Structure formats: C-alpha cells, structure tokens
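S.K.: Structure in structure tokens, see below.
Just so it is clear, none of the values below were taken in a lab; they were calculated from the coordinates. If you're wondering where the values come from, they're calculated on a predicted model, not measured in any experiment. Reconstructed Cβ throughout: ideal geometry from the backbone, glycine too, with neighbour counts over all protein chains shown.
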Amino acid sequence: MARLIRLHKPRLVFTTAGSGVHPDHRAVTDIIVNGVFYARLPKWESIAEGEMLAGTEPHEIERLFFGHCRMELAWQSFDFAVDVTAVYERKREALTVYESVFSGSQAELLDKYTAEDRYVGSLVGVRYAEAFKSRSPLLVADPEAFAPSRFG
C-alpha cells in the first residue's frame with residue numbers, strides 16, 4: 001500500500017473505520033492506515049525488505065478519512081457528510097452487483113443502506129448523504145467553504 005501511495009501521490013485517502021464484524025474490513029483499515037504512515041517515511045530502500053519502495057519518493061497525504069460501512073456499528077456522530085443525491089441511483093445500481101450481499105434473504109440490506117443515507121442526508125439538509133470521520137481535526141481556510149445547514 002505504501003508503494004501505491006508513493007506512486008499515485010493522492011491528496012486524500014478513504015477507508016472504512018474497520019470496526020465491524022468482518023475481519024477483512026479491519027485488516028483493510030490497518031493496511032491503509034499503515035500504508036499512509038510508511039509512505040511518508042524516507043530511507044526505506046536501505047533496510048531489509050524495503051526494496052518494494054525502491055525507486056519511489058516519500059509522499060505524505062493531506063487527509064485520511066473513514067467512511068461508515070453499514071456492517072459496522074452505528075456512529076453517534078460524524079465529522080462531515082458528502083451529498084450523494086445526484087448519484088444515488090448509480091450507487092444503488094453498483095451495490096446490487098454484490099449479489100452475495102444484496103440478494104435473497106439479504107436483499108433488505110439495501111433498504112437499510114438507503115435508510116441510513118436518507119437519515120444522514122436529513123441531518124445536513126439533502127436527500128442522501130454519506131458520513132465520514134477524519135483522522136485529524138479539520139481545518140478550512142474560509143468558513144464560507146461549508147454548505148448551508150438546516151439547523152445552522
């Protein structure tokens with residue numbers, strides 16, 4: 001992961017919070033978080049097993065965000081939400097591709113996803129939104145960057 005981050009040099013990285021019942025979700029979160037950490041460190045080429053990073057330059061991302069996976073426990077709060085109303089039907093279509101998760105007796109999970117996205121949207125004044133947490137406090141150069149909110 002550190003190599004991919006060094007090669008692609010993303011500003012922002014998104015992963016899940018990894019707190020659900022699926023051990024692979026936790027593993028992915030750990031891989032991403034550790035990759036972000038190691039990608040920024042210099043001199044890896046000079047240590048054993050550091051050859052995977054040979055030919056790459058250290059890269060420090062600007063932000064690490066955690067999205068809420070509906071298979072994780074509900075969050076009491078979140079740091080920001082993204083309005084996904086304009087692309088919501090496309091999102092639902094993409095989710096239905098995962099037949100092992102969203103078919104048969106599990107088909108109702110899609111309704112639960114929609115309900116959560118509508119709930120988060122209602123908190124921020126849009127039809128559908130996805131919640132995110134930030135690894136570190138958020139800073140804006142201009143408070144005007146925030147979209148208006150129904151409750152201020």
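S.K.: Among VAL36, PRO23, VAL87, which residue has its Cα positioned farthest towards the positive end of the charge dipole of the stretch 18-99, with +1 placed on the Cβ of Lys and Arg, -1 on the Cβ of Asp and Glu, and the dipole taken about the Cα centre?
M.R.: VAL87
S.K.: For VAL28 and LYS133, compute 0.36 nm times the residue count separating them, minus their Cα-Cα distance, and round to one decimal in nm. Kindly include the intermediate steps, with their values, before the conclusion.
M.R.: Working: separation 105, 0.36 × 105 = 37.80 nm, distance 1.65 nm.
Additional length available on full extension: 36.2 nm.
S.K.: Same structure again: Which percent, nearest 5, of DSSP beta bridges in the chain are antiparallel?
M.R.: Approximately 60 percent, going by the DSSP bridge assignments.
S.K.: So for LYS43, LYS9, fewest C-beta neighbours within 10 Å to most, what's the order?
M.R.: Fewest to most other Cβ atoms nearby, the residues stand as LYS43, LYS9.
S.K.: Same structure again: Name the shape class, rounded, prolate or oblate, that the alpha-carbon gyration tensor gives for the chain, where a ≥ b ≥ c are the square roots of its eigenvalues, rounded holds for a/c under 1.5, and otherwise prolate holds if a/b is larger than b/c and oblate otherwise. All intermediate terms of the calculation are to be shown ahead of the outcome.
M.R.: Numbers: a/c = 2.52, a/b = 1.46, b/c = 1.72.
Oblate, because a/c is 1.5 or more while a/b does not exceed b/c.
S.K.: Compute the relative contact order of the chain as a whole-number percentage, counting only Cα pairs closer than 8 Å that sit 6 or more residues apart in sequence. Don't skip to the end; give the middle numbers.
M.R.: On the way: 197 pairs, mean separation 36.6, N = 152.
After rounding, I find 24 percent.
S.K.: Counting other Cβ atoms within 10 Å, which chymotrypsin sites (Phe, Trp or Tyr not before Pro) in the stretch 1-84 have at most 16 and lie in a DSSP loop? Spell out each step's value before the answer.
M.R.: On the way: sites: PHE14, PHE37, TYR38, TRP44, PHE65, PHE66, TRP75, PHE78, PHE80; in loops: TRP75, PHE78.
Hits after loop and neighbour filter: TRP75.
S.K.: Could you give me the ³J(HN,Hα) list for the stretch 123-133, computed from phi with Karplus coefficients 6.51, -1.76, 1.60 and θ = phi - 60°, whole Hz, x at Gly and Pro?
M.R.: Each residue of the stretch 123-133 in turn: 5, 10, x, 10, 6, 9, 8, 10, 8, 9, 10 Hz.
S.K.: So, in Å, what gap is there between the alpha-carbon centers of the stretch 1-48 and the stretch 84-119?
M.R.: If we compute the Cα centre of each part, the gap is 27 Å.
S.K.: Additional query: Using the Karplus curve 6.51 cos²θ - 1.76 cosθ + 1.60 with θ = phi - 60°, work out ³J(HN,Hα) for each residue of the stretch 5-10 in order, rounded to whole Hz, and write x for Gly and Pro.
M.R.: Rounded to whole hertz, the list is 5, 5, 6, 8, 6, x.
S.K.: Highest mean first, how do 139-146, 56-63, 100-107, 128-135 rank when packing is the count of other Cβ atoms within 10 Å averaged over residues?
M.R.: On the way: 139-146: 7.0, 56-63: 13.6, 100-107: 10.9, 128-135: 18.8.
Top to bottom by mean Cβ count within 10 Å: 128-135, 56-63, 100-107, 139-146.
S.K.: Please build a GNM for the chain, connecting alpha carbons under 10 Å apart, and tell me which residue among ARG92, ARG26, ARG70 fluctuates the most.
M.R.: Taking springs between Cα atoms under 10 Å, the residue moving most is ARG92.
S.K.: Pull up all non-local amide H partners of TYR128: gap of 5 or more, or a different chain, and H-to-H distance under 5 Å with H placed in the peptide plane.
M.R.: HN-HN under 5 Å from TYR128: VAL84, THR85.
S.K.: Then there's this: Please give me the summed charge of the neighbours of ILE5: other residues whose Cβ is under 15 Å from its Cβ, Lys and Arg +1, Asp and Glu -1.
M.R.: Numbers: positive: ARG3, ARG6, LYS9, ARG11, ARG40, ARG63, ARG135; negative: ASP30, GLU57, GLU60, GLU62.
Spelling it out: positives minus negatives among the neighbours equals +3.
S.K.: Using the basic label-point model (7 angstrom from Cα toward the beta carbon), what is the TYR98 to GLU62 distance in nanometres?
M.R.: So the label points at TYR98 and GLU62 sit 2.8 nm apart.
S.K.: Test of understanding: what is the full-extension gain from GLU144 to SER77, defined as 0.36 nm times their sequence separation minus their Cα-Cα distance? Intermediate values should be presented prior to the final figure.
M.R.: Working: separation 67, 0.36 × 67 = 24.12 nm, distance 2.22 nm.
Stretched out fully, the GLU144 to SER77 stretch lengthens by 21.9 nm.
S.K.: May I ask you to evaluate 6.51 cos²θ - 1.76 cosθ + 1.60, the Karplus curve with θ = phi - 60°, for each residue of the stretch 54-69 and list the ³J(HN,Hα) values in order in whole Hz, giving x for glycine and proline?
M.R.: After applying 6.51 cos²θ - 1.76 cosθ + 1.60, I find 4, x, 10, 9, x, 9, 10, 6, 8, 8, 10, 10, 10, x, 8, 8 Hz.
S.K.: Continuing with the same structure: Taking H placed 1.01 Å from N in the peptide plane, check which residues at least 5 places from ARG40 or on another chain put their amide H under 5 Å from its amide H.
M.R.: Here HIS59 satisfy the definition.
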